[in-house]
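After the structure tokens below, expect a handful of questions from me.
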Amino acid sequence: MTAKTASERVRELRSLIEDANHRYYVLDDPQLSDADYDSLLRELLDLEDRYPELRTADSPTQRVGAAPAERFAPYEHRVAMLSLANATNEAELRAFDERVRKLAGGAQSYVVELKIDGLATSLQYRDGALERGGTRGDGRVGEDVTPNLRTISSIPLRLRSGQAHEHFGDGAIEVRGEVYLRKSDFERLNAERERAGLPVFANPRNAASGGVRQLDPRLTAERKLSFFAYAIVMVSLSNHPEQRPKRNVMVSLSNHPEQRPERNVILSGRHKAPQSKGDGIATQWESLELLKKLGLPVNPHVARCANIDEVIAYCERWEAKREDLDYEIDGVVVKVDDLATQERLGAAGRDPRWAVAYKFKPREARTKLLDIVITVGRTGTLNPNAVLEPVQLGGVTVRNATLHNEEYIASNDIRPGDIVLVTRAGDVIPRVVGPVLSERKGKLRRFVMPDRCPVCGADVDHPEGEAMSRCTNAACPAQVLERVRHFCSRGAMDIEGIGDVMAQQLTELELVEDIADIYALDEKKLATVPRTGEKTIANLLRNIESSKSRGLARVLTGLGIRFVGTQTAQILAGDFGTIDDIAAASAGELQQCEGIGPEVAASVSLFFAQRANRAMIERLRKAGVAMNAPKRARAASGKLMGKTFVLTGTLPNLTRDEAASLITEAGGKVSGSVSKKTNYVVAGSEPGSKYDKAQSLGITILDEAGLRSLLA
């Protein structure tokens, strides 16, 4: 086969595969058997292997193939993804309709859609091809997860070319939708994880959300995620990939309760894309029809309702039928159909006046609380969980539920042996609401949080006034991943190469069972880590070796002692000089340090009281990790003598260490927290809560120039 013939066959195969995907995911009318589809895909793969120059990013073979990421790049939303107001009953729906009729000057028709319980997602297409995709994030900036979204078969890598060009020319469009996991795929996934000895997922939404955020796209592909589109929120007039549009035209407004565009542009009373050959898009219903023409899957149960009575009937019908679906829904989104009317109605604060989300009632059931067991989270929190007599709740057999914390259990008087009310509000992890006291029999024992970790046996810390208890063992197996990730982070030991992915691999392969094991890694061990070559191993070992000389303050930060951040670590290192002196100090002696209060002192003292922590520190010492620091000289005099400073934010020219050194050399003290005894707060860019507290206390706030002026 010649290169020319191969090119023609590749185009033909892609067209056949894209058409098969469209019929399967959008039209629900498959025409090819699985075997025939796989045969076409294998042929395309073979041709692209033989002729790599024919492989393109939008080829169906590229659903998986990107290398794992260390972290996600930011994904900025040009149109904000915010929220809608909720309605929880018929009266609130009718009140919404009354407001709409009053503001719009008459009755309106509505479009209603099932509220899919998944992850809100944004897709950007340029010239018909999928260019970028991201998560909601905080509504303004999400995470760029393009390689992961490419693995989802129901997301077209290229829009149906004829329709895309007719409506949008060569410009860019942004589509909003929901990534979700079907119940059947959720059950398959959990069954596979059980067989592999892995923890199962709590619900489909969590599995979908976690799947989209995998750093390795191959892991996303294994979830078998699905997608529904529900809005075109932006059409760009720009034809150049690097040029931001000077003007946006909103072809459709988002109808998802977590999204709202800031502004619409109306052309001649209708929403009309530039270069459009048709009459434009006048209604939400028409925009959904356009999405289907473009090859994007739209939920088949959307409906047009002439009035609020039909809306209410739709909501009631689907609340009763929600278990019939192969995906989770937690409500219905109701929108004014006419887009020009939406524009006139506008928004009240953060919520558009033209839409509302009707939320289904929580699922509830009664069952017996057999026991309360403790699990340890990755940050050391002790989490009480209910062991229940199995009960059907929302089509799922529930055997476990969350109990939040010890205070929640006590305030609701929940005891093992009780008949309890269990709910799944919004289809999240089931939780125990409380006991049915009328059915309590005999004297049931009250729950008491253990004073030792159930995983490693270390002491449990429960600071006064806090809801959560925590394991104090830095080597606790339940915490190892998070501990390793933190120890290697830039603010601690700064071991480049051990990011989220590598930390997870090292702990899953049991090469690292506590942070001291990092310094026992060698070429042989690292060679067993997938996708780790000789150069990577050499660089990683060099970075591990160089981290040994970071000093005591960095080690203290990396140990993850509760309440000990960068500044507190520097204070302890400067006042004591060695880790042995810190470990031997009493809580009272620790409080002699500037800015170290009773809570911090108790946490530090408790950490070093644990035998496992001391043993781990000895292993770090034997590995050659430096755990000492120059002891801070007590200045007898100086321009800043008797003055206490707090540093916050990023200074333009000085690091915090450099600024602290200048202050102490001039006789001043540097504290880690703001109090009435603080004389000055030195603030850089992006200051934290210390800045706000200083303002509330009337403390003088300096920038770097102000600090230098005091020192001059």
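For region 22-47, what are the residues that are modelled with pLDDT of 75 or more and either more than 26 Å from Ser226 (Cα to Cα) or among the polar types (S, T, N, Q) (or both)?
Correct list: Ser39, Asp46, Leu47.
So, one more: Return the residues of region 345-377 that are within 16 Å of Phe96 (Cα to Cα) and surrounded by 16 or more Cβ atoms within 10 Å (Cβ to Cβ); say none if nothing qualifies.
Residues satisfying the conditions are Leu345, Ala347, Asp351, Pro352, Arg353, Trp354, Ala355, Val356, Ala357, Tyr358, Lys359.
Tell me, please, whether a residue that is part of a loop (DSSP other than H, G, I, E, B) and touching a Lys or Arg at 6+ places or on another chain (Cβ under 7 Å) can be found in region 448-456.
no
Listed residues Arg485, Arg490; which is within 29 Å of Gln570 (Cα to Cα) and in a helix (DSSP H, G or I)?
Arg485
Shifting gears a bit: List pairs: first in region 179-194 and of a type in the set (Val, Ile, Thr), second in a helix (DSSP H, G or I) and buried (at least 17 other Cβ atoms within 10 Å of the Cβ), Cβ under 6 Å, 6+ apart or cross-chain?
As it stands, the answer is Val179/Ala208; Val179/Val212, since those pairs meet every condition given.
Given the criteria buried (at least 21 other Cβ atoms within 10 Å of the Cβ) and out of contact with any Cys (no Cβ under 9 Å at 6 or more places or on another chain), does Val332 qualify?
The answer is no for Val332.
Could you list, in sequence order, the residues of region 529-548 that are modelled with pLDDT of 95 or more and part of a loop (DSSP other than H, G, I, E, B)?
Residue satisfying the conditions is Lys548 alone.
Go through region 141-153 and report how many residues are assigned to a loop (DSSP other than H, G, I, E, B) and crowded, with 19+ Cβ neighbours inside 10 Å.
Final tally of qualifying residues: 4.
Let me ask something else about it. Can you tell me which of (1) buried (at least 17 other Cβ atoms within 10 Å of the Cβ); (2) more than 20 Å from Leu215 (Cα to Cα); (3) among the aliphatic types (A, V, I, L, M); (4) within 27 Å of the chain's Cα centre (by Cα) is the one Val112 doesn't meet?
It fails just one condition, (4).
Can you find even one residue in region 246-257 that is surrounded by fewer than 23 Cβ atoms within 10 Å (Cβ to Cβ), more than 22 Å from the chain's Cα centre (by Cα), at pLDDT 50 or above and not charged (D, E, K, R)?
no
Here is a follow-up. Given the conditions (1) at pLDDT below 90; (2) surrounded by fewer than 17 Cβ atoms within 10 Å (Cβ to Cβ); (3) on the phi > 0 side of the Ramachandran plot, which single one is not true for Gly595?
(2)
Looking at region 496-503, can you tell me whether even one residue there is in contact with a helix residue (DSSP H, G or I) (Cβ under 8 Å, 6 or more places away or on another chain), in the same structural domain as Thr557 (by TED's automatic domain parsing), under 24 Å from Gln570 (Cβ atoms) and in contact (Cβ under 8 Å) with a residue 24 or more places away in the chain?
Within region 496-503 (the criterion being in contact with a helix residue (DSSP H, G or I) (Cβ under 8 Å, 6 or more places away or on another chain), in the same structural domain as Thr557 (by TED's automatic domain parsing), under 24 Å from Gln570 (Cβ atoms) and in contact (Cβ under 8 Å) with a residue 24 or more places away in the chain), the answer is yes, since at least one residue qualifies.
What number of residues in region 626-668 are under 34 Å from the mean Cα position of the chain (by Cα) and either touching a residue at least 40 places away in the same chain (Cβ under 8 Å) or assigned to a loop (DSSP other than H, G, I, E, B) (or both)?
Residues flagged as under 34 Å from the mean Cα position of the chain (by Cα) and either touching a residue at least 40 places away in the same chain (Cβ under 8 Å) or assigned to a loop (DSSP other than H, G, I, E, B) (or both) within region 626-668 amount to 11.
Exactly one condition in (1) surrounded by 14 or more Cβ atoms within 10 Å (Cβ to Cβ); (2) without any contact (Cβ under 8 Å) to a residue 60 or more places away in the chain; (3) outside any loop (DSSP other than H, G, I, E, B) is false for Asp692; which is it?
Unmet condition: (1).
Something else about it: Output yes when any residue across region 557-573 is part of a helix (DSSP H, G or I), in contact with a strand residue (DSSP E or B) (Cβ under 7 Å, 6 or more places away or on another chain), at pLDDT below 95 and of a type in the set (S, T, N, Q), and no when none is.
So far as region 557-573 goes, yes, one or more of its residues are part of a helix (DSSP H, G or I), in contact with a strand residue (DSSP E or B) (Cβ under 7 Å, 6 or more places away or on another chain), at pLDDT below 95 and of a type in the set (S, T, N, Q).
Could you tell me which residue of region 475-528 is nearest to Asp459 (Cα to Cα), considering only residues that are under 25 Å from the mean Cα position of the chain (by Cα) and of a type in the set (Gly, Ala, Ser)?
The qualifying residue nearest to Asp459 (Cα to Cα) is Ala478.
Next question. Name the residues in region 426-463 that are free of Cβ contacts under 8 Å to residues at least 60 places away in the same chain, closer than 30 Å to Val604 by Cβ and not aliphatic (A, V, I, L, M), would you?
Matches in region 426-463: Asp451, Arg452, Gly457, His462.
Ok, one more. When region 89-140 is examined, which residues are found to be in a loop (DSSP other than H, G, I, E, B) and in contact with a Phe, Trp or Tyr (Cβ under 6 Å, 6 or more places away or on another chain)?
Listed by number, the list holds a single entry, Gly118.
In this structure, does Ile518 turn out to be part of a loop (DSSP other than H, G, I, E, B), modelled with pLDDT of 90 or more and surrounded by 18 or more Cβ atoms within 10 Å (Cβ to Cβ)?
No.
Looking at region 472-482, which of its residues are within 24 Å of Gln570 (Cα to Cα) and of a type in the set (A, V, I, L, M, F, W, C)?
Hits for region 472-482 are Ala474, Ala475.
Return the residues of region 678-699 that are out of contact with any Leu (no Cβ under 9 Å at 6 or more places or on another chain) and modelled with pLDDT under 85; say none if nothing qualifies.
Glu686, Pro687, Gly688, Ser689, Asp692
What single numbered condition from (1) farther than 23 Å from Asn203 by Cβ; (2) out of contact with any Ser or Thr (no Cβ under 8 Å at 6 or more places or on another chain); (3) of a type in the set (Lys, Arg) fails to hold for Arg470?
(2)
Could you say whether any residue in region 317-332 is hydrophobic (A, V, I, L, M, F, W, C), modelled with pLDDT of 90 or more, within 24 Å of Ala80 (Cβ to Cβ) and in contact with a helix residue (DSSP H, G or I) (Cβ under 8 Å, 6 or more places away or on another chain)?
Checked against the condition, which is being hydrophobic (A, V, I, L, M, F, W, C), modelled with pLDDT of 90 or more, within 24 Å of Ala80 (Cβ to Cβ) and in contact with a helix residue (DSSP H, G or I) (Cβ under 8 Å, 6 or more places away or on another chain), region 317-332 yields at least one hit.
Could you please find all residues in region 120-140 being at pLDDT 90 or above and in contact with a helix residue (DSSP H, G or I) (Cβ under 6 Å, 6 or more places away or on another chain)?
Listed by number, the residues that qualify are Arg132, Gly133.
The values are calculated or read from the model by the stated rules, or taken from the named source; none is laboratory data. Note that this is a predicted model, so its numbers are computed, not measured. All Cβ positions, glycine included, derive from the backbone under ideal geometry; neighbour counts span all protein chains shown.
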